Each structure stands twice: as structure tokens, then as C-alpha cells.
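Notes follow once the structure below has been shown.
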Amino acid sequence: MPKVQKFLNGICLAFVVVIFALPFVWMISTSLKTLGETLVFPPQWLPENLVWQNFVDAWNSGPFLKYFLNSVIVAVGILIFQFATVIPAAYAFARYNFPLKNFFFAITMVTLMIPAQLIFLPVFLNLSSWGLLDTLWGLILPFATSAFGIFLLRQTFKQVPEEVIEAARLDNASEWKIMRRIMVPMAKPTLVTFGLFSFITHWNDYFWPLVMTTTDQSRTLPLGIAQLRQVEGGASWNILMAGNMILVIPILIIFFIAQRQIIRAFVYTGVK
Amino acid sequence: MSQDLLSHLPDNQPVAVTTRRSVSRDFLRPYIMIAPALIVFLLFFLFPIGYMIYLSFHEWNFISPEKTYVGLKNFKRLVADPLFLEVIRNSLVYTFLSVFLTITISLALSLWLNKKGWIYSFIQGAVFSPHIISLVSVSMLWMWMMDADYGLLNWFVEKLGFEKVPWLTDPKFALISLVIVSVWKSVGYYTLIFIAGLQSIPKNLYEAASLDKTPKWRVLTKITLPMLSPTLFFLTIIGLINSIQVFETINIMTGGGPVNSTKTLVYYIYENGFVFFKLGNASAAGVILLIILTILTLIYFKVLSKKVHYQ
């Protein structure tokens, strides 16, 4: 590339990085400012002193430990249920022939196309008549399995050579044992991919807990953060951004550690 | 998110045949293995869809024990309601604008950023990062950025020599502002999928073109874009499906206002169901969303089965 072109390319690259990274930098900077420092125009780029107190204030403005624990319980609970239901179902769809298999798989694929935003109202009514409204079960059970996970894992299980399974059968291994000891370890990369995808999605989720909870007993972190606006007043941007950081930091840490896997987890879904 | 993955892969791989063990156990085993998943699907996905369709023909306020059958009255009322028509218009404007902008920008970015080297993978990561951040954080962050008096965005706007823009408080701008947030959040995801699509184009096509000394723009229009058309099509449909369901940013950033200018379909369902307790009305609007999503999905599978590009 000629020098001028290379220089222009560099400028454009920097511009793109600014567009996507600057809001995050701005969030961090704001979260460490005094209220006065946020209310100036033109904006002040960096805080004079780092006000860590904002994080304490945000955390103490509501039962944030409760929110945090609820978020962990819900995201991890969903993950455990999903592994427990997805692995056997994917294995059955990948490795067995049985009457009505295609019908049941079609049901799975139809479910894949049904978003929470479509069914929240009737599910809300059902949960309410089962007494599961405003409980953590109401946040976990509807996602106790994943059509996406079944689809993804089925592809992986199909690629395991038949000889491997035949050899295990000759050794008199039970079908369950074959699944647990041979198939699951071989599918580990897919399980990690799916696990990251599921955890991040449900950790971030705002819509479902918003609709299905009514008290702090079962609210999750995203709801708590969104509520900060009512608690702290809509203009306490330093506190609001500090609260935001509490929600974002765990995800950003995971992203830095497992960037490759996370990108694969999300992008894999878009590529055949 | 869940609809990002569609089954269109061949389904006819060899399947293990169990032998030697007790017949009834072998016969039942696959059903036992799929049962937990299917029970969840039935309870939380399929049955609710049926229930919603049932409710859409009834009037019910959640408290009274009676659900009154009213035929198509809920739908007729929706069509006659100027607010609902505005909601549909908002949804369509939002959907088409954000899909068009996201696709165009991410296509351009992917053509540019599809290169080797740590700089490019770093930038791909940076562009992608908003996609894994909670919509709550994204919404709050952008509310702050779009603050009319002290927001960073208006500082840029003034630097460029324009007047401060009331991003979220003026009906003229609010919907556009939400589109900007949606584009910012999802453009990286689309870019990476486009890049994956670009990388799956056979290299020999480009080698042949370079032997022929084909000009660059011809390579783009005659090789790259046609070969990318399945990805383009996939992302367009996914984008339409996702955008038509927008809710979180609206709920946090504008609450449907100012003067209903950002009220969209899912927000309307939410408000009718949980604020006004008009469950029949909300369900009827839900059925309309169901119809839209079904049509988009059917188009997807229909075109997919024909294949978009010809090799």
C-alpha cells in the first residue's frame, strides 16, 4: 500500500475504534466523577479525583447483593438445566432412529423461532396460575432447555464416527455411559461455546425478569441497575454509570479471557 | 437471539441402530431422552401460543373470572385504533431503518476489516463488544451520551457547527435515536458474520479474476457480492425478525414517548397487558406479531430452499 493510503487507512481505523470504544471509556470516566463534574458543558474528559464512592453509593442504593446473587442463580441455574436437557435430546436426535423423530425435531425447530417477546403474556398468566410468578423458578424454568443448544449439539454429535460408538458397544458400555463418557467429552468445544452464549444471554436479560418479577426478592441485576434511575434520580449520571459498570464488568472480563470462544459462540449462530 | 440459528442442514446422516439389548428399553430410550426438552417446549412455548390465540378472541381483564368470547372484536378495535396504527408505523420505520443501516454499514466494514493481523482482529473485537453488553447498560449509557444539555453526542454536534439536538425528548428525533443505538449495538455482530461469509468464498475465484486482470469493482460486483448473497439474505431476515421485537431500549430510554413517537408493537402489547390489563387487546396484537414473524420465517425457508446464489 502506498504511504498516503496507509496513513488514511490508519486514521479511519482509529475513527472506528473511537466510535465503538469511546462510549465505554466515557462510562468508566463518568462513573469516577463527582456529580458536579458530570454537569458541565463542554464535557470534562477525566475526573479530577477518582470518586470510588460512586460504586459504594450505587451498590447501597438497593439490595444489590440480592440482585447479584439472583442473577448468578438464574444464569447458572438455566445453564445446568439446559445442559441436563439439551445433551440427551441432542444425542437422541443425532444418533437414534425412532418413530416421529422428524415430528419432534420439527417442534424443536419451531420453538427456535419463538422469541420471548411474543409469548411473555400467556406465559405470565400460566406462571401466575401455577404460583411461580415473582420466583426465581419463573425466571429459570421457561429456559430450562434450548432449541438452539439442541440444534448446535446435534450437529456435533453427528460428526462423531460411528466406529467409536460401535467399539464402545462391543465393550458392553451402556448407552448412557457412551453418551456421558465418550460423546460429551468429544463435544466439549461445542458445550463451551453454547455455555458462554447461554450464560451471557441470560446474565444480560432484562425483558423476562422485568415482566415476571414484582418484588426485590426475585429481581436480577439488570433490573436493579435500570431501577437506579428512580432511586437516584435520572440525572445522577456518575452513580448510574457506576451501577452500569457493576453489570458490564463481569461480561467484559469474560470477553477478555475468552474472546475467541465468545465470538465463535455468537457468530457461529449466523454461519452455516 | 434464539432465532439466529436455523436448521437447513441436510438431515440424512447415518444413524446408529441399537441391537442386542432389551427391545422395549431400546425403543423407549430416545423418547425418554427428548422428553424433558419437549415438556419445556410444550409448557412454555407451544401451549402459550395457543393460549394467546384463544385470548385474542376474548375480552378479559385478568381479575374477573369471566373470559367473554367476542369473536374478531379485538382485531377490529386494533385496526380502528389510531394509536395502534401509529405503533405499526413506528415499528416499520424503526425496523427498516435499523436493518438497512446495520446491513449497509456492516457490509462496508466487513469488506474493509476482513484482513489478517492483530490490528484487524483487535478492531473486529472492539466493534463486536457492544453486542455482548446488556441492553440495560447500552440504553443507560446512550441516554447519558444523548443527554440534551451535558451529553457527549451534543458536544460533537456543536463541534461540527450544528445546534444541540434534543435526541430523546423531541418526537422528531426519538425514534431515530433508538435506531442509532440499535445500529451501534449490532453492527459488530453483523460485520463478523459477513467476514465469516467472505472467508468462505472459494479463493480460486479471486485467483482467476486476478489472472484476468479484472478491475476491483468488477470483482466486488461479479464475485464477492453474489457469493455473499446467502449471508446478506440471512442477516436481513434475522435483522427484520429482531428489530420488529424491539422493547428494552424503548422501555428504558423513552418509555414509548415523547407523545407515543417511539411506541412499537411489543411495547404496545406490554402496555396493554400489564398497565391497562386489556388482555384480549394485547393478545390480538400478539397474534399480529406472530403473523409477521411467521411470514418472515416462511420467506426465509422458502428462499433458502431455492438457494440465493447460483454457482
(message) Within region B:131-156, take every residue that is under 14 Å from B:Trp184 (Cα atoms) and more than 7 Å from chain A (Cβ to nearest Cβ) and give me the one that is farthest from the chain's Cα centre (by Cα).
(response) B:Leu153
(request) Please verify whether region B:93-107 includes one or more residues that are over 28 Å from A:Leu13 (Cα atoms), outside any loop (DSSP other than H, G, I, E, B), more than 28 Å from the chain's Cα centre (by Cα) and in contact (Cβ under 8 Å) with a residue 40 or more places away in the chain. (result) no
(request) Out of A:Phe157, A:Phe194, report the one residue that is hydrophobic (A, V, I, L, M, F, W, C), assigned by TED's automatic domain parsing to the domain that holds A:Val74 and within 23 Å of A:Ile263 (Cβ to Cβ). (result) A:Phe194
(request) With the condition kept exactly as written, say whether any residue in region A:137-152 is crowded, with 21+ Cβ neighbours inside 10 Å, touching a Ser or Thr at 6+ places or on another chain (Cβ under 9 Å), modelled with pLDDT of 90 or more and β-branched (Val, Ile, Thr). (result) yes
(request) State whether the residues of region B:227-241 include one that is over 30 Å from A:Pro209 (Cα atoms) and more than 13 Å from chain A (Cβ to nearest Cβ). (result) yes
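One line per residue, one yes/no per condition, for (1) of a type in the set (Val, Ile, Thr); (2) within 17 Å of B:Leu46 (Cα to Cα):
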position: A:Ala84; (1), (2): no, no
position: A:Ala116; (1), (2): no, yes
position: A:Thr135; (1), (2): yes, no
position: A:Glu163; (1), (2): no, no
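Quick grid of which residues meet (1) more than 8 Å from chain A (Cβ to nearest Cβ); (2) modelled with pLDDT under 95:
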{"position": "B:Leu55", "(1), (2)": "no, yes"}
{"position": "B:Leu72", "(1), (2)": "yes, yes"}
{"position": "B:Phe96", "(1), (2)": "yes, no"}
{"position": "B:Leu101", "(1), (2)": "yes, no"}
(message) part of a helix (DSSP H, G or I), touching a residue at least 40 places away in the same chain (Cβ under 8 Å) and surrounded by fewer than 17 Cβ atoms within 10 Å (Cβ to Cβ): which single residue out of B:Leu225, B:Leu220, B:Leu240, B:Leu235 fits that description?
(response) B:Leu220
(request) Determine, yes or no, whether B:Phe128 is exposed (fewer than 15 other Cβ atoms within 10 Å of the Cβ) and either at the interface with another protein chain (Cβ under 9 Å from one of its Cβ atoms) or under 27 Å from A:Thr30 (Cα atoms) (or both). (result) no
(request) Tell me, please, whether a residue that is surrounded by 20 or more Cβ atoms within 10 Å (Cβ to Cβ) and among the basic types (Lys, Arg) can be found in region A:100-114. (result) no
(message) Suppose the filter is part of a helix (DSSP H, G or I), at pLDDT 90 or above and not hydroxyl-bearing (Ser, Thr, Tyr); does A:Leu125 pass it?
(response) yes
(request) Please go through region B:49-69 and pick out each residue that is assigned to a loop (DSSP other than H, G, I, E, B) and surrounded by 17 or more Cβ atoms within 10 Å (Cβ to Cβ). (result) B:Phe57, B:Trp60
(request) Scan region A:84-95 and give yes if some residue there is surrounded by fewer than 17 Cβ atoms within 10 Å (Cβ to Cβ), under 25 Å from the mean Cα position of the chain (by Cα) and either away from chain B (no Cβ under 13 Å) or at positive phi (or both), otherwise no. (result) no
(request) Just one of (1) in a helix (DSSP H, G or I); (2) at pLDDT 90 or above; (3) away from chain A (no Cβ under 11 Å) trips up B:Ser261, so point out which. (result) (1)
(request) Give me the pairs, please: first residue somewhere in region A:231-247 and within 11 Å of chain B (Cβ to nearest Cβ), second residue anywhere and among the small types (Gly, Ala, Ser) and outside any helix (DSSP H, G or I), beta-carbon distance under 6 Å, and either six or more positions apart or on two chains. (result) A:Leu247/B:Ser134
(request) Residues being at pLDDT below 85 and in a helix (DSSP H, G or I): count how many of those fall in region A:230-258. (result) 3
(message) Yes or no: region B:94-109 includes at least one residue that is surrounded by fewer than 18 Cβ atoms within 10 Å (Cβ to Cβ), among the aliphatic types (A, V, I, L, M) and farther than 30 Å from A:Ile254 by Cβ.
(response) no
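The values are calculated or read from the model by the stated rules, or taken from the named source; none is laboratory data. Every value quoted in this text rests on a predicted model; they were computed, and no experiment measured them. Because the Cβ atoms are built from the backbone with ideal geometry, glycine has one as well, and the counts that use them run over all protein chains shown.
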